[in-house]
1. Which of rounded, prolate, oblate describes the chain, given a ≥ b ≥ c as roots of the alpha-carbon gyration tensor eigenvalues and a/c under 1.5 marking rounded, otherwise prolate only if a/b is larger than b/c?
2. What percent does the relative contact order of the chain come to when contacts are Cα pairs within less than 8 Å and at least six residues apart?
3. Nearest 20 debye, what's the magnitude of the dipole of the stretch 126-237 about its Cα centre given +1 on Lys and Arg Cβ and -1 on Asp and Glu Cβ?
4. Which value in deg cm²/dmol, rounded to the nearest 500, describes the helix-derived mean residue ellipticity at 222 nm for the chain, given -39,500 (n - 2.57) per DSSP H run of n ≥ 4 and division by the residue count?
5. From the square roots a ≥ b ≥ c of the eigenvalues of the alpha-carbon gyration tensor of the stretch 154-263, which class results: rounded (a/c under 1.5), prolate (a/b over b/c), or oblate?
6. Roughly speaking, what is the stretch gain from GLN313 to SER229, that is 0.36 nm per residue apart minus the C-alpha to C-alpha distance, in nm to one decimal?
7. Using alpha carbon centroids, what distance separates the stretch 236-262 and the stretch 7-21, in Å?
8. Please compute the length gained on full extension between ALA168 and SER135, using 0.36 nm multiplied by the number of residues separating them and subtracting their Cα-Cα distance.
Amino acid sequence: MGNFSLNLQDDSALKKVLETGEYDKELAEIALEIRRHYYGDAVYMRGLIEFSSYCRCNCYYCGLRRDNTGLERYRLTREEILACCQEGWELGFRTFVLQSGEDPQFTDAIMAEIVAAIHERFPDCAVTLSIGERSKESYRKFFQVGARRYLLRHEAASTELYAKLHPATMSCAHRRQCLFDLKELGYQVGAGFMVGAPFQTTENIIEDLRFMQTLKPDMIGIGPFIHQSSTPLATCANGSVELTLRLISIMRILFPYALIPATTALGTIRPGGRELGLKAGANVVMPNLSPVRVRGQYAIYDDKLSTGLEAAQGLEALRQSVAACGFRLVSDRGDVAKH
Ligand code: 5AD
Ligand code: SF4
């Protein structure tokens with residue numbers, strides 16, 4: 001691969017790679033070669049169902065935070081969630097991602113019942129949960145009724161940075177514990193963080209990568225930080241697209257087998273951002289399957305895309321756009337490659 005000989009295990013070499021654009025082309029080339037080796041030209045699609053915008057947490061960066069009282073909130077019923085799955089199934093989705101804020105009204109019993117119903121009605125589909133921190137017992141219950149994947153971004157591996165982005169009631173240690181609990185229970189686990197989060201340094205990102213090397217996540221979600229106007233971090237600068245793409249390539253190289261989405265945040269901050277993500281080494285897209293009437297209300301950050309190619313209903317256009325990047329949108333479960 002040319003004269004590319006930087007060792008990403010070495011912190012000072014990694015710092016250099018992260019801080020300059022000099023190696024981007026080589027990184028992307030290697031990432032694509034690796035991705036092709038593990039996954040061919042497949043891009044997996046996940047149907048995202050944002051079923052509750054209520055959250056008991058108060059993360060400083062997120063529009064769903066509890067203290068954002070200006071936001072109109074919603075919850076979907078069990079029947080509405082199942083109707084989203086039905087629509088998704090007909091469109092060809094074989095993975096449903098149930099995502100919400102940390103909403104105590106969705107108790108363990110209710111969540112388990114919803115997961116069981118989806119699992120029973122769509123036995124050929126994977127159920128992914130993304131509902132935040134719960135006890136190991138709760139996670140066990142969801143696994144028993146059929147959940148097999150869990151997305152829980154670690155947000156920041158540095159205790160100091162974590163404390164700058166979250167109130168003192170939340171802890172980096174507990175977040176990590178949840179991730180290891182999930183792993184131990186047999187879930188395919190997704191971790192990740194925001195690129196260019198306020199106060200984040202290159203050293204922090206290196207800590208994130210090293211933490212992930214100990215966790216060995218199956219899925220990796222990274223996207224640029226995008227400010228949200230009703231949060232305490234409303235005036236902070238957005239994250240960089242270039243650094244996000246560089247990190248997607250680095251993730252692919254460090255975690256060859258990983259399922260890495262080209263995130264909505266990337267598509268929101270730059271037209272064509274999702275496609276750039278795929279070309280940098282991502283292999284998953286997550287169009288929105290939530291009912292159209294609530295989509296605008298899941299306002300994690302400003303101007304979040306939820307229509308067009310981000311909408312499950314825009315699948316044909318998405319298929320073409322994926323094909324134009326040289327890949328193929330496939331409709332199977334897309335479990336993680338053996339590693
Ligand atoms: N910009 C980008 N991503 C965000 N998230 C939360 N707020 C923002 C923001 N302002 C991400 C977090 C979280 C998920 C719900 O979305 O990483 O895990
Ligand atoms: Fe809630 Fe997640 Fe937003 Fe934090 S990032 S406020 S836990 S939805």
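1. rounded
2. After rounding, I find 24 percent.
3. With only Lys, Arg, Asp and Glu charged at Cβ, the dipole is about 400 debye.
4. Details: 12 runs with 135 residues, N = 339.
Taken over the chain, the calculation gives -12000 deg cm²/dmol.
5. It comes out oblate by the Cα gyration axes.
6. Length difference between fully extended and current span is 27.4 nm.
7. 14
8. So the chain would gain 10.0 nm between ALA168 and SER135.
Computed from the coordinates by the stated procedures, all read-outs in this text should not be read as laboratory data. Treat the numbers as computed from the prediction; the structure is a model and nothing was measured. Positions of Cβ are generated from backbone atoms using ideal geometry, with glycine treated the same way; all protein chains shown enter the neighbour counts.
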